[in-house]
Amino acid sequence: MLAKKCIVCDKSAYLKRVIELGFHPLADTFVKKTQLLNSQKFYPLNCLLCTNCGHFQNEYFVSGEERYIESNYSYTSSNSESAMKHWNEFCETVSAYIKLDSLDHVIEFGSNDGYLISQFQKKGAKVTGIDPSPIMTKVAQKSGLNAIQGFVNYSTIAKAVKKQGKAKIICGNNVLNHIENLNDAMKAIKSGLRNNSYFVVEVPSLKDTIEKYLFDMIFHEHISTFSLKSIDYLLRKHGLYITKVEDIPYHGGSLRVFSSTKKSDYNRTIVEEHITKEEKVNIFNTDTYKKFMAKIIKDKNDLLATLYSLKKTGKKIVAVGAGARSNTLLNFYRLDNTVLEFVTDASKHKMGKFTPGSNIEIKDDNSLFSENIDVVLITAWNIGRYLTEKIRKINDKIEFIVPGEKELM
Ligand SMILES: [Zn+2]
């Protein structure tokens, strides 16, 4: 479905198409060996900037049902040490800022395998996780957590409230940016919050995505990329007021936004400071995106020239990291199993499957050492530093290539 209006401010006249990445399969859907000969669905991946509220969104939406229920969605919260460390830090920071006691209820939407809510449960709070994936909901329930399968809407929030009361905190990390009907979801969230309560979200930041050329943060599952300007607009529209903002390095740069149901808590100074920073790097100006497109096309051509020349000399090249963003990169660069021998990933759910569109086999990290590898393409730049150090300790002859010369984290 093509977007007819901005999903934050509902206006259509201000939408400008600023990014064109061609056709892509769903980035978080991996292909089984038996499905390799079947045709795969590709959808246009273009993005729009709303010059009214500063929101950045996809132009074409794939339905939520298709993205998370029909597909074999395979992201897990606890699939890496760095992710678990992040969720532990999130729980510590949030519970230090918002005091919780045993009567308090914390609802997380997009709770995945339940890792984060299990941390809030350890703090003594009552918890509920809401997630659209039937597989992930079962994983959470098997660990003894209270988990509801579904999208964040009136029905799932009402179920959570009926069982454990209205929430002191509702949180959703890297989830709000996956939601197509944002205003409906916000109304449902507001209905589940009690008086003097908080909504805390983490979303990839538009400023970081554009400044650092993180074009691989764009895929169909990421319907939106928020600026602080657009998230402030959205929250105020639903009676939530920003009290605190943190710039965090997660996903290459994210905004952690705390908002309160109390209007008098609104921290206008913090909000204005952040919007000024965003304006300084021109993310609300369409010309910025022309430069962005020119740079990522140049990076693509440079990297392909390097990889093809290495391949000609018989070098064995693999990629590290089969996350959703790797798939945007592989498909935009038109890299497939004729160039890359395999791709490694830490998630056991992906083992033996193939990357969508590019059909590259996914193996575990040990394959990097058991097979003779010459070159490693780091597609998981978000954990690249950790990976390169780990690989170097075992085989210091491997050459590393980072697409777009991104700074490894
Ligand atoms: Zn807008």
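The values are calculated or read from the model by the stated rules, or taken from the named source; none is laboratory data. These figures come from a predicted structure and were not determined experimentally. Note that each Cβ is placed from the backbone with ideal geometry, even for glycine, and that neighbours are counted across all protein chains shown.
Brief remarks on what is shown
- Test: residue in the range 332-355 that is modelled with pLDDT under 95, touching an Asp or Glu at 6+ places or on another chain (Cβ under 8 Å) and among the hydrophobic types (A, V, I, L, M, F, W, C): yes
- Of the criteria (1) surrounded by 15 or more Cβ atoms within 10 Å (Cβ to Cβ); (2) of a type outside the set (D, E); (3) more than 16 Å from the ligand (Cβ to nearest atom); (4) in a loop (DSSP other than H, G, I, E, B), which one V8 fails: (3)
- Among residues of the range 214-233, those that are of a type in the set (A, V, I, L, M) and over 18 Å from T276 (Cα atoms), counted: 4
- When residues of the range 134-175 are limited to those that are among the charged types (D, E, K, R) and part of a helix (DSSP H, G or I), the one surrounded by the fewest Cβ atoms within 10 Å (Cβ to Cβ): K162
- Scanning the range 375-389 for residues that are touching a residue at least 24 places away in the same chain (Cβ under 8 Å) and surrounded by fewer than 16 Cβ atoms within 10 Å (Cβ to Cβ) returns R385, Y386.
- Conditions (1) closer than 22 Å to T313 by Cα; (2) touching a residue at least 24 places away in the same chain (Cβ under 8 Å); (3) acidic (D, E): number failed by D396: (2)
- Residue in the range 309-337 that is nearest to the chain's Cα centre (by Cα), counting only those that are over 25 Å from E20 (Cα atoms) and not in a helix (DSSP H, G or I): V320
- Qualifying positions in the range 8-37 - closer than 15 Å to E221 by Cα and touching a Cys at 6+ places or on another chain (Cβ under 9 Å): L21
- Residue check for L340: assigned to a loop (DSSP other than H, G, I, E, B), out of contact with any Lys or Arg (no Cβ under 9 Å at 6 or more places or on another chain) and more than 23 Å from K390 (Cα to Cα): no
- When restricted to residues that are outside any loop (DSSP other than H, G, I, E, B) and either under 20 Å from the mean Cα position of the chain (by Cα) or within 20 Å of K163 (Cα to Cα) (or both), the range 95-115 contains 6.
- Given (1) in contact (Cβ under 8 Å) with a residue 60 or more places away in the chain; (2) surrounded by 19 or more Cβ atoms within 10 Å (Cβ to Cβ); (3) within 26 Å of the chain's Cα centre (by Cα), index of the condition K277 fails: (2)
- Residue list for the range 20-53, restricted to those being assigned to a strand (DSSP E or B) and either small (G, A, S) or within 16 Å of the ligand (Cβ to nearest atom) (or both): G22, C47, L48, L49, C50
- Pairing residues of the range 1-24 that are of a type in the set (S, T, Y) with residues that are within 8 Å of the ligand (Cβ to nearest atom) and outside any loop (DSSP other than H, G, I, E, B), at Cβ distances under 8 Å and at least 6 apart in sequence or on separate chains, gives Y14/C50.
Every residue, every condition in (1) among the small types (G, A, S); (2) part of a loop (DSSP other than H, G, I, E, B); (3) free of Cβ contacts under 8 Å to residues at least 12 places away in the same chain; (4) out of contact with any Pro (no Cβ under 8 Å at 6 or more places or on another chain), yes or no:
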{"residue": "N177", "(1), (2), (3), (4)": "no, no, no, no"}
{"residue": "N183", "(1), (2), (3), (4)": "no, no, no, yes"}
{"residue": "I189", "(1), (2), (3), (4)": "no, no, no, yes"}
{"residue": "N195", "(1), (2), (3), (4)": "no, no, no, yes"}
{"residue": "Y213", "(1), (2), (3), (4)": "no, yes, no, yes"}
{"residue": "H222", "(1), (2), (3), (4)": "no, yes, no, no"}
{"residue": "Y233", "(1), (2), (3), (4)": "no, no, no, yes"}
{"residue": "K244", "(1), (2), (3), (4)": "no, no, no, yes"}
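- Looking across F258, F219, F226, one residue alone is in contact with a helix residue (DSSP H, G or I) (Cβ under 7 Å, 6 or more places away or on another chain), surrounded by 17 or more Cβ atoms within 10 Å (Cβ to Cβ), among the aromatic types (F, W, Y) and more than 30 Å from L330 (Cα to Cα). It is F258.
- All positions within the range 386-409 that are assigned to a helix (DSSP H, G or I) and touching a strand residue (DSSP E or B) at 6+ places or on another chain (Cβ under 9 Å): L387, T388, I391, R392, P403
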